Structures are given as structure tokens and as C-alpha cells.
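Below you'll find the structure, written out as C-alpha cells, and then a few comments.
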Amino acid sequence: MSASAKSVPPVYAVLARSCNLAADRALVTALPDLSPEDRETALDTLVRRERGQGLAAVVARFPSFDAALQALVLARADRLSAGVRAAIDSGNIDTRTAAVELIRRSGSSKLAYLLAGALSQRCPRTRMRAGNALQQLVAEHLRQRDVTPADPAARRERRQLAMAIRQALACWEAHFRTEVITAAMWLAEELEDVIVHRAGQPRSKLGRAFDELLRGGYDRHTTGYLLRALRSPILRGKAARWIGACADDTFMLALLDELWVTADPRMCKALSWIRRLAWLEDGIRPLLELDARRSEAAAALVGGVGITNDAKVGLLQTMVTAGRPALRRAAMWQLVGNRSPEAVAALRCLAKRGQRALARVADRELKRRSRADLVTSPSASARGTESDRSVVSTFDAYWTRFDRLDDARRAEFGRRLRAALPDFDRQVRTRLASSDPADRVRSVQLVRAVGMADEADNHLYGLAHDADPLVRSVAMRALEALDNPAARRILRNALRDSDERVQANAIEALDALEASEFHDDIKDKLGAPSARVRASAVKLLLKLQRREAVDALLAMLDAAPRADRLGAVWVVERLRLQSLTDRLAELARVDPDPQVRRRAARVARQVGEAPTVSDWFSLSEVAGP
């Protein structure tokens, strides 16, 4: 400070030349009384000395400085790390508070890592302020990134903030601050290993905190976390349901922006855990104004999620016929990659009536598939089956591949393994008691496939009252194998469950048990708000030749909601109601919804000359109740 010292009063020049703690403290005490130029000189002197205790005194007095002096300190915040660290380790709460406030107001990502030390303090007020400061730093970073997304400095700041959050998560059980979890969700790309591995451990308090925080509502910055959580067996259930139930445009568009992560095959496969897309249940209107990049992401999302092939192909076909060029192309390539019979039918339709360029693509794909089918020999298929059998030779292999097996192979492989493995039943019971709802669902499906409901009856009774509605719904179908008073009582009580899937599956189970004594309870479900519940009730009551079921079915065929008409078509298909094929043919011609038209046409063709239900069912002559 030799050159600058000439501009300050002699006493301050002496302090500037004296390199000791007492001189540093004297300079700090004098700072408010110096002129603006002398303040800068004194501050620069203290910063250049890099003495932790001297800088800690600046930090401790920061809240008492006037606005001009605070601005000078904030401008040098990145060089005060030694003082901020010492202040955070101080036993004085006001000093710790001043350090956290300095980091927060400076917005310095370089100092963010020091907040982990504040989060480890025993003082709740210090932990609270540190958590808020860390969240605010990340929020400000995200706001700046939205303004200047290509700024190289922003990428460096993001890495520094991620390091700070990683350290804060490492001491999670010392502070339990939800602000840290929120910040971690926002920077999920840099913290993927923490999310997938540490938070995804069974009974992890950190994982439970991530789950509980989602209840606060949809936040577009959490899309990266939700996608990566799909890779965790513990977190994927809630993440998939959260994405599937969202109909918020802002959130879903942010999800499309984050969908680049599916370039990783593991992430692409994880999309299949999403079993619903509420965003598109009322049509593709949200996709019509997307740019080319988001159009490709939207098609990849529809093609990758685990909804039924019928619904998936219906959406993709609508995107091809009604979307903008970029959306049409992206959806067409998803159809080309889909090997289901529904995709073949859609390609045939597009080849005949689609836009010229896309019709050529559809026609060439159909020809390619025809040539591939010709060269596929029965012996090759047999070899594939033998390969499956050799792979599914242990319970873990069977468990891992279970969701990819069809019903016949689930039963065949499961029964063969059960006969060969002495501990098969024990492993099934262990998974029936799993803490992961997805494991409980799969284990109940396994019980049904293998036919061991009698051996697992107590578990099934308990799972029929599970906290997770999906677990309860699959348990209802498993109870149909237990034709006893306890199972029937549970099924009857399930008709009053809050979840429509549970109610519908309970009706299906009672139908399989031919439990006609409950027909009055089921008749009440003809007025249920859920089309699925009404359709199941109609199917059961039609077998009992109830007039109310006829009226309800005809009303569903003419109802405005698409789900009602689809439910009615499902009833006609299940009962093979030949007398309604003309009505289905009319739906196939004039219905405004392409999925209803397509399914009505298919069912009208499939219903044979001999209906399953006797010929009493007639629109003009129907028996009374």
C-alpha cells in the first residue's frame, strides 16, 4: 500500500504499513470514518494481506456498515473467503449470521461451499439462514441462465454451486433443511449420482425428503430431477406418477427441454415407468405450436412412455396427421420404430391417406417389415424361446425380466422355477413386504401368474389395504383366486375405495367370482364419475340381464367424454355383443376422436356371429330387472 498510503491520513498510513492483527482490527474499526477513496485503499490492504482474523472482522461488522461501504465489501466478496470461513466457525451467532448474509447478498458461487459449514452448526437459526442463502444463490443462477444461456461463466458457477450442494447433502442429517433438497433438485444434472444412488437407497431419509418435497406443486426446474429419479428403483414410482399426472403446460414444456437425457439408453428405458400422460389425454393441442426441437422431444416422450400401445399409437398417428411438419416427421419415425400390431395398422392407414412424403415412408416401412417377416423361420422363434428359458434360470433373473414377459411365459417360467427353487415362495413373500410400491405391484402380479394366491393369502389381504392405490388395485384382481368370505368382504368394501382403479378391479374380481349377491352394490356404480368403473359395472350387470346396465351402456355410447365411449366399446368387445356392431360401425365412421373410431372399427370386425351373452340383449326387447 506504499503508493496508496500517501492519500490517507498519517495515522491510517501507519496502520496500513503495520502487518499485524491489531493493525488489521484498527483499520476495520476505522473503515466507516474514512473517505470513500480511503475506504477502498484500506479494504484493498486488508484483502491483500489475506489474514483470516482481520478479514473475519470485516465480515462480522458487515451488517453495521452503511450502504456505500457494504457495496465496497460485496465487490470484493470473492477475495474474503478466509474471513468468511473464520466467521462461520465463530461461536458468536451474530458473526455467523453476518457471514451467511454476506454470501447471500454477494451472490458469489465461489463462497457457496462455505454454507455447508454453516449448515453443520448446532444453531437452528444459522442452519435456516444458510439453507435459504444456498437456495437463493441457485435460484439467482437459474434466473441468469434463462437470460444468458450460453455464458461460459454460468457453467463455472453451476459447477461451484453443485459442489456446495453436494457438501450440504453430505451432512444432511445434521440440518434436514428442505431448501438444500430444493436446490439439489434444480441442479439434478450435476448431482445425478447423489439422486440415483444415495437418495435411492432403501429407507433413505434423504430419498424420503426428495419425495415429500414434490407435494408442494409443479416446478419447471424439478423436471431434471424427476427424469433422473426414474432410474432409481426407490424413487421411480412417485416420479413416474408425478410426471404422468401433470397437465401443466409450463412444466411439461420444461420436461421436453430436459428430455435430451434420454440419449442415454438407461434413461430412455426408464421412461417406460411413466404409465400415464394426463397432459395429452384431451388431445395433442399442447403440441401444435412447438418448435422443431421440442417436437422431436414430444414424439420421443410419447414413444418412450409405458402407456398402452393403443393409446401410444393413437397419439402418434394424430401427431402425424394434425401436427406441424417437424412434429409429423418426429412422430412418423416413432411409429417406424414401434413393432406393435397397432403401429402396423397406423402405418397402413398413413400409407393410404397420409401426406405424400410421409405416406412414402409408411409404405416403405410396411414393405420392409413384410420382407423381414418372410425370412423369419419357426426354428428361429423356437431358438429365441429356448434362449429366454436359459436366461430365466434364477429368481433374480425372472424378477428382473418379469415385466418384459407376456402372460404365458410369466406363468410357464414362474411355475418351472417354483418347482426347481426351494426358496421361491420365501423370496416372493419378501418382495410382497417390500417398502417399494413398484416391487409390491410386481410381486402381486407374480403371485397371480404363478397361481400361489392360497400360499400368499395373508399378504394379499394386507395389500388390499395398502397406502398405494396401484398396489390395492392389483391386489383386487389377485383376490379373485381366493373364493372365500374374507376375500369377498374385502372386494365389497373396495367398491367404496377412493381410487377408481381399485373400484374397477374389485368389480372385475367379483365378476370372476360370479358374486351375484353384491349386484345392488355394483348397481350403484352405474352412476360413478369414472368411465372405467361404470364400464366394469355394466359388464357384470349385463351378464345378470339387468335393464339398468342396458340403459347405462347406451348412454355411454352417446356420451360426450371420450373415456365413456371407449369404455362402452370395451364392454361390447368383452361380451361380444353382436346386436351393437351396427352402432360400433357408426362410431367408426362419424366419431370425432380418432382413437374411438379406430377401436370401434376393430371391435366391430372382431365380434363374431355367436355372441357370448345370449340373444336376450336387444335394443328393442330387453328383460326387466
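Filter the range 193-235 down to the residues that are of a type in the set (Phe, Trp, Tyr) and modelled with pLDDT under 75 and list them by number.
TYR218
Just the residues that are assigned to a helix (DSSP H, G or I) and among the charged types (D, E, K, R), please, taken from the range 513-542.
Within the range 513-542, GLU517, ASP520, ASP521, LYS523, ASP524, LYS525, ARG532, ARG534, LYS539 qualify.
It is to be established whether one or more residues within the range 50-72 are at pLDDT below 80 and over 30 Å from GLY131 (Cβ atoms).
no
Give me the residue from the range 477-512 that is assigned to a loop (DSSP other than H, G, I, E, B) and surrounded by fewer than 19 Cβ atoms within 10 Å (Cβ to Cβ) and, out of that set, modelled with the lowest pLDDT.
Ranking the candidates gives ASP483 first.
What number of residues in the range 193-212 are open to solvent by 50 Å² or more (accessible area, probe 1.4 Å) and assigned to a helix (DSSP H, G or I)?
The number of residues fulfilling the criteria is 6.
Might you let me know whether the range 572-587 holds any residue that is farther than 30 Å from MET319 by Cβ, within 37 Å of the chain's Cα centre (by Cα) and not aromatic (Phe, Trp, Tyr)?
Yes; the residues of the range 572-587 include at least one that is farther than 30 Å from MET319 by Cβ, within 37 Å of the chain's Cα centre (by Cα) and not aromatic (Phe, Trp, Tyr).
Out of all the residues in the range 221-231, is one or more within 29 Å of GLY323 (Cα to Cα), part of a loop (DSSP other than H, G, I, E, B) and open to solvent by 40 Å² or more (accessible area, probe 1.4 Å)?
Checking the range 221-231: not a single residue is within 29 Å of GLY323 (Cα to Cα), part of a loop (DSSP other than H, G, I, E, B) and open to solvent by 40 Å² or more (accessible area, probe 1.4 Å).
Which of the helices (runs of 4 or more DSSP H) contained wholly in the range 234-275 include at least 2 residues that are open to solvent by 60 Å² or more (accessible area, probe 1.4 Å) and among the basic types (Lys, Arg)?
236-245, 265-270
Determine whether SER295 is among the hydroxyl-bearing types (Ser, Thr, Tyr) and either under 18 Å from ARG329 (Cα atoms) or open to solvent by 50 Å² or more (accessible area, probe 1.4 Å) (or both). Break it down stepwise before answering.
Working: among the hydroxyl-bearing types (Ser, Thr, Tyr): yes; either under 18 Å from ARG329 (Cα atoms) or open to solvent by 50 Å² or more (accessible area, probe 1.4 Å) (or both): yes.
Spelling it out, SER295 is indeed among the hydroxyl-bearing types (Ser, Thr, Tyr) and either under 18 Å from ARG329 (Cα atoms) or open to solvent by 50 Å² or more (accessible area, probe 1.4 Å) (or both).
Filter the range 395-424 for residues that are among the acidic types (Asp, Glu) and closer than 25 Å to GLY237 by Cβ; which is most open to solvent (accessible area, probe 1.4 Å)?
Looking at the filtered set, the residue picked out is ASP407.
Contact list please: Cβ distance under 6 Å, first residue in the range 539-558 and crowded, with 16+ Cβ neighbours inside 10 Å, second residue of a type in the set (Gly, Ala, Ser), pairs at least six apart or on different chains.
Once the first residue is crowded, with 16+ Cβ neighbours inside 10 Å and sits in the range 539-558, its partners that are of a type in the set (Gly, Ala, Ser) give LEU541/ALA549; LEU542/ALA549; GLN545/ALA623; LEU553/ALA568; MET556/GLY567; MET556/ALA568; LEU557/ALA568.
Looking at the range 6-32, which of its residues are at pLDDT below 65, assigned to a helix (DSSP H, G or I) and crowded, with 19+ Cβ neighbours inside 10 Å?
Scanning the range 6-32 gives TYR12, LEU15, ALA16.
Residues that are out of contact with any strand residue (DSSP E or B) (no Cβ under 6 Å at 6 or more places or on another chain) and assigned to a loop (DSSP other than H, G, I, E, B): does the range 467-476 have at least one?
yes
The values are calculated or read from the model by the stated rules, or taken from the named source; none is laboratory data. These numbers come from a predicted model, not from an experiment. Backbone-built Cβ (ideal geometry, glycine too); neighbour counts: all protein chains shown. Each accessible area value is taken on the protein alone, full model and side chains, heavy atoms only, with ligands, DNA and RNA left out. Shrake-Rupley method; radii C 1.70, N 1.55, O 1.52, S 1.80 Å.
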